[in-house]
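The values are calculated or read from the model by the stated rules, or taken from the named source; none is laboratory data. Computed from a prediction, not measured in an experiment: that's the story for all the values here. For neighbour counting, all protein chains shown are included, and Cβ atoms are generated from backbone atoms with ideal geometry for every residue, glycine included. Just the protein is used for accessible areas: all its heavy atoms, side chains included, with ligands, DNA and RNA removed. Shrake-Rupley method; radii C 1.70, N 1.55, O 1.52, S 1.80 Å.
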Amino acid sequence: MPKGFHGGGGMNMQAMMKQAQKMQKQMAEMQEELANRTLDISSGGGAIKITINGEKQITNLTINPDVVDPEDVEMLQDLVMTAVNEAIRQIDEAANSQMSKITGGMNLPGLF
């Protein structure tokens with residue numbers, strides 16, 4: 001049997017299971033908290049404003065009418081794309097920050 005998994009010293013299986021259950025509960029609480037969180041992002045100096053929630057759903061999109069130029073639709077598309085990408089990046093960053101508080105910086109791919 002590997003060292004630490006028998007009755008004597010080291011971390012025993014029961015302690016590991018308790019720690020895993022605690023971490024699982026904390027992760028569920030964090031995911032619920034993130035789902036309820038919203039971030040407000042803007043691009044183009046406030047020309048485009050987006051609100052995103054923790055489930056990466058855009059809940060509000062405001063476009064300043066001054067940037068709507070039928071002759072330059074590409075600029076408007078770029079502003080919207082920039083704002084959406086920044087919103088996703090920031091919500092991912094918030095999730096990763098919360099996750100590292102729970103895991104102590106351990107990299108657990110696929111968990112979030």
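Restricting the range 39-55 to residues that are without any contact (Cβ under 8 Å) to a residue 40 or more places away in the chain and closer than 26 Å to residue 29 by Cβ leaves a set whose member that is least open to solvent (accessible area, probe 1.4 Å) is 52. Of the residues making up the range 66-75, just one is open to solvent by 100 Å² or more (accessible area, probe 1.4 Å) and either of a type outside the set (Asp, Glu) or in contact with a strand residue (DSSP E or B) (Cβ under 6 Å, 6 or more places away or on another chain) (or both), namely 70.
Listed here are the residues, each with its yes/no results for (1) of a type in the set (Val, Ile, Thr); (2) touching a helix residue (DSSP H, G or I) at 6+ places or on another chain (Cβ under 7 Å); (3) free of Cβ contacts under 8 Å to residues at least 24 places away in the same chain; (4) open to solvent by 60 Å² or more (accessible area, probe 1.4 Å).
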position	(1), (2), (3), (4)
62	yes, no, yes, yes
77	no, no, yes, yes
82	yes, no, no, yes
97	no, no, yes, no
102	yes, yes, no, no
